[in-house]
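Below is one structure; the comments refer to it alone.
The numbers here are math on the coordinates, done by the rules we state, and not lab data. Only a predicted model underlies this, so the values are computations on that prediction, with no experimental measurement involved. Glycine gets a Cβ as well: all are built from the backbone with ideal geometry, and neighbour counts include every protein chain shown.
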Amino acid sequence: MTSNASLDVFDLSFAYGKKRALDNVSFSVENGCFTALLGPNGAGKTTLYALITQLFESRQGGIKICGFDLKSQRKEALTRLGVVFQQPTLDLDLSVTQNLHYFASLHGLSASEANKRISRELERLDMLERKDEQVRSLNGGHRRRVEIVRALLHEPQLLLLDEPTVGLDVPTRRDIVNHIHALCQEKGIAALWATHLIDEVQLDDAVIVLHQGAIKAKGLGREIVEQAQTSDLASAYEIFTRRAS
C-alpha cells in the first residue's frame with residue numbers, strides 16, 4: 001500500500017463457487033494518475049470492479065479508497081468513487097439533464113449546485129447543447145459522455161471505467177480516452193480504465209496486465225515493453241497473456 005494512492009488493492013481473491021476469478025491481486029493507483037487495467041475478456045476486470053464498488057464482497061484481501069478501508073469505512077470510501085460501468089445505466093426515457101439531476105439528488109446536491117456542475121461537465125465534453133434531448137435519441141458515444149458527466153457530479157477523487165468505449169468508433173474512443181487523461185492531469189483525479197484495446201493505452205500510462213485472474217505485469221507502458229523484451233505494447237501484451245494460457 002502507498003500513502004499517495006487513491007486506490008489500494010491488496011491480496012484480493014474471489015471465486016464463483018470453485019472457479020477462481022481473482023487470485024491474490026495487489027496494486028495501487030496513484031493520485032492524479034491514469035492507470036490502464038489491460039486484459040482480455042474473462043480476465044477478471046469486471047469482477048475486480050464489482051468488488052471495488054461493493055456489488056460483490058470478498059473475504060480474502062482488502063481494498064482502500066483514498067485511505068479509507070472499504071470494509072470498515074464503507075461510506076467514506078464509496079463517496080470518493082465515481083463509476084462508469086460497462087453496461088449502460090441511463091434512463092432512456094428521461095432527458096440528459098433529468099438523468100443527471102436525479103443522480104445529483106442522490107448525492108445531496110442542491111438544484112443550483114447541480115445545475116452548475118452539470119453545465120460545467122457537459123461543456124467539457126461538448127454536450128451542453130444536448131442537455132434537453134431524450135437519452136434514447138443519443139448515439140452510443142454521446143450516451144457514454146453523459147455517463148462520464150454523471151460519474152463526476154459529486155467530484156470524486158477516483159474514477160473507475162469498465163470497458164467504457166466498447167462498441168464505439170475509433171475517433172469517439174480516442175476523444176473519450178483523451179478526456180479522461182485531461183481530467184487526471186488538470187483536476188488531479190485518479191482513473192482506473194479497464195480495457196482489452198491496446199490502442200487506448202499509452203506508453204507513459206501506468207499499466208496493469210490482468211489475465212486469468214492474476215496480475216502478469218505492471219509498470220509504465222514502456223516498462224511493460226521492456227519486461228517483455230519486445231518492441232511495442234501490443235506484442236508485450238500478447239506475450240504476457242500467452243504465457244499464462
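Under a Cβ-Cβ cut-off of 12 Å, what is the net charge of the residues other than Glu123 that fall near it, where Lys and Arg count +1 and Asp and Glu count -1? For residues surrounding Glu123, the net value is +4. Considered as an equivalent ellipsoid built on the Cα gyration tensor, the range 18-68 has semi-axes of 19, 15, 10 Å, the largest given first. Bridge orientation summary for the chain: considering DSSP beta bridges with both residues in this region, about 55 percent are antiparallel.
Once you divide the Cα radius of gyration of the range 133-245 by 2.2 N^0.38 Å, the number left is 1.18. Can you tell me the 0 to 90 degree angle between the C-alpha axis of helix 140-152 and the longest principal axis of the chain, rounded to 10? Taking the Cα atoms of the chain, the angle to 140-152 is about 90 degrees. Each 10 Å bin from zero holds the following percent of Cα-Cα pairs in the range 188-245: 23, 60, 15, 1. Per residue, the convex hull spanned by the alpha carbons of the range 160-209 comes to 78 Å³. Sorted fewest first by neighbouring Cβ atoms within 10 angstrom, Thr165, Thr79, Thr97 come out as Thr79, Thr97, Thr165. Ordering Ile63, Ala114, Leu37 by Cα displacement along the dipole of the chain toward the positive end leaves Ile63 in first place; charges were set at the Cβ atoms of Lys, Arg (+1) and Asp, Glu (-1).
Taking the range 42-196, how much of its Cα-Cα pair set, in percent, is spaced more than 24 angstrom apart? Summing the P(r) of the range 42-196 above 24 Å gives 33 percent of all pairs. The alpha-carbon of Lys116 sits under 26 angstrom from the alpha-carbons of these lysines, leaving out residues fewer than 8 places away in its chain: Lys75, Lys131, Lys187. Put in order of Cβ neighbour count within 10 Å, fewest first, the listed residues Lys131, Lys75, Lys216 become Lys75, Lys131, Lys216.
The 3J(HN,Hα) values that the Karplus relation (6.51, -1.76, 1.60; θ = phi - 60°) gives for the range 20-32 are, in residue order, 7, 8, 9, 10, 6, 8, 9, 6, 10, 10, 6, 4, x Hz. Gly and Pro appear as x. Calculated [222 nm] ellipticity per residue, helices only, for the chain: -11000 deg cm²/dmol; basis is -39500 (n - 2.57) per DSSP H run with n ≥ 4, divided by all residues, nearest 500.
Would you mind pulling out the separation of the Cα centroids of the range 15-65 and the range 204-245, in Å? Going from one Cα centre to the other spans 17 Å. To the nearest ten degrees, helix 96-106 and the longest principal axis of the Cα atoms of the chain are 70 degrees apart.
Measuring nothing but how far apart in sequence close Cα pairs (under 8 Å, 6+ apart) lie, relative to its length, the range 90-155 scores a relative contact order of 48 percent.
Annotation for the range 2-78: GluC sites (Glu not before Pro) lying in DSSP loop with at most 16 further Cβ atoms inside 10 Å of their Cβ are Glu57. Across the chain, C-alpha contacts under 8 Å between residues 6 or more apart give a mean separation that, scaled by the residue count, equals a relative contact order of 26 percent.
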